[in-house]
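Beneath this line is the structure, given in structure tokens, with notes to follow.
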Ligand SMILES: [Zn+2]
């Protein structure tokens, strides 16, 4: 029942970047009950979350589907969510 040696920082090797936006502000938000099996990581820029045991296409920037990748410019230019139109009477 020793506690894991790693602390609160992102502990997956230091080179972890967000698969979706390549952001480097990645933090571990949850860890497996058995230490060292998996972590849930979150990108501080685009808020994408993933578990380290998911397939490469969900966890690695170089394998993430190209059509879903974001850049900093994409995020800055992202359109607002369209408003819900007013209710039609009747
Ligand atoms: Zn991101």
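The values are calculated or read from the model by the stated rules, or taken from the named source; none is laboratory data. Please read all numbers here as calculations on a predicted model, not as lab measurements. Quick reminder, even Gly has a Cβ in these numbers, built from the backbone with ideal geometry, and neighbours come from all protein chains shown.
Here are the numbers for the structure shown:
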| read-out | value |
| --- | --- |
| Residue within the stretch 36-51 that is modelled with pLDDT of 90 or more, in a loop (DSSP other than H, G, I, E, B) and more than 17 Å from the chain's Cα centre (by Cα) present | yes |
| Residues located in the stretch 39-60, provided they are buried (at least 17 other Cβ atoms within 10 Å of the Cβ) and free of Cβ contacts under 8 Å to residues at least 24 places away in the same chain | 42 |
| Selection count, the stretch 19-49, where residues are more than 19 Å from residue 69 (Cα to Cα) and either near the ligand (Cβ under 9 Å from one of its atoms) or touching a helix residue (DSSP H, G or I) at 6+ places or on another chain (Cβ under 9 Å) (or both) | 0 |
